[in-house]
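Worksheet: one structure, shown below.
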Amino acid sequence: MAQSRTLSIIKPDATRRNLTGAINSMLEESGLRIVAQKRIRLTREQAEAFYAVHRARPFFKDLVNFMISGPVVVQVLEGENAVERNRTVMGATDPAKAERNTIRARFAESIEANSVHGSDSPENAVSEIGFFFTPAEIVG
Ligand code: CMP
């Protein structure tokens, strides 16, 4: 089957607890390949732009403050049905509702500090990947 790509972010709660490797292992064990990766600190402007669709939500300001509170690891994941596959291994946004053995069930601290972000559709994956990476930075 055709390979596709999705954007993943390892969030500040996870980098703070030194969980990048543990999360990458779970991603790789799920069949996804990390074809681009960088550790960065988001600016407020970047975080606001990335989460612009949530601008009107009550949690927007806290979410932006959380996302700039420490380093994040942005990555491109590749595999069959990459968006869906990543959503399955991440688990539900709210860790209390996440399936056992998912990244969020194992590691998330709260609905906000939920350790990882993943694109929610193939269309959004294309624009989110383009937000952080040039084609030359993605090595499949
Ligand atoms: P993410 O998948 O990155 O997309 C939006 C983020 O907003 C979400 O994960 C959470 O980190 C954060 N968030 C905080 N509160 C809520 C909430 N009540 N519902 C959904 N997302 C929330």
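The values are calculated or read from the model by the stated rules, or taken from the named source; none is laboratory data. Computed from a prediction, not measured in an experiment: that's the story for all the values here. Only protein heavy atoms, including side chains, enter the accessible area calculation; ligands, DNA and RNA are left aside. Shrake-Rupley method; radii C 1.70, N 1.55, O 1.52, S 1.80 Å.
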(request) Mind checking which aspartates and glutamates have their Cα closer than 16 Å to the Cα of LYS38? Skip sequence neighbours fewer than 8 apart in that chain. (result) GLU78, GLU128, GLU137
(request) Could you pull the Cα extents of the chain along its three principal axes, largest to smallest, in whole Å? (result) 40, 34, 26
(request) Take each complete run of DSSP H in the chain, measure how far its Cα atoms stretch along the helix's own axis, and keep only those covering 27 Å or more with mean Kyte-Doolittle hydropathy at least 0.0; list them. (result) none
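Counting only protein heavy atoms and a 1.4 Å probe, tell me what percentage of segment 44-83's accessible area is made up of carbon and sulfur.
Numbers: 1010 of 1930 Å².
Percent of accessible area from carbon and sulfur atoms in segment 44-83: 52.
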(request) Take the alpha-carbon centre of segment 112-140, take the same for segment 42-111, and report the distance between them in whole Å. (result) 11 Å
(request) For segment 1-59, restrict the atom set to alpha-carbon positions and state the Rg and Dmax in Å. (result) 14.2, 40
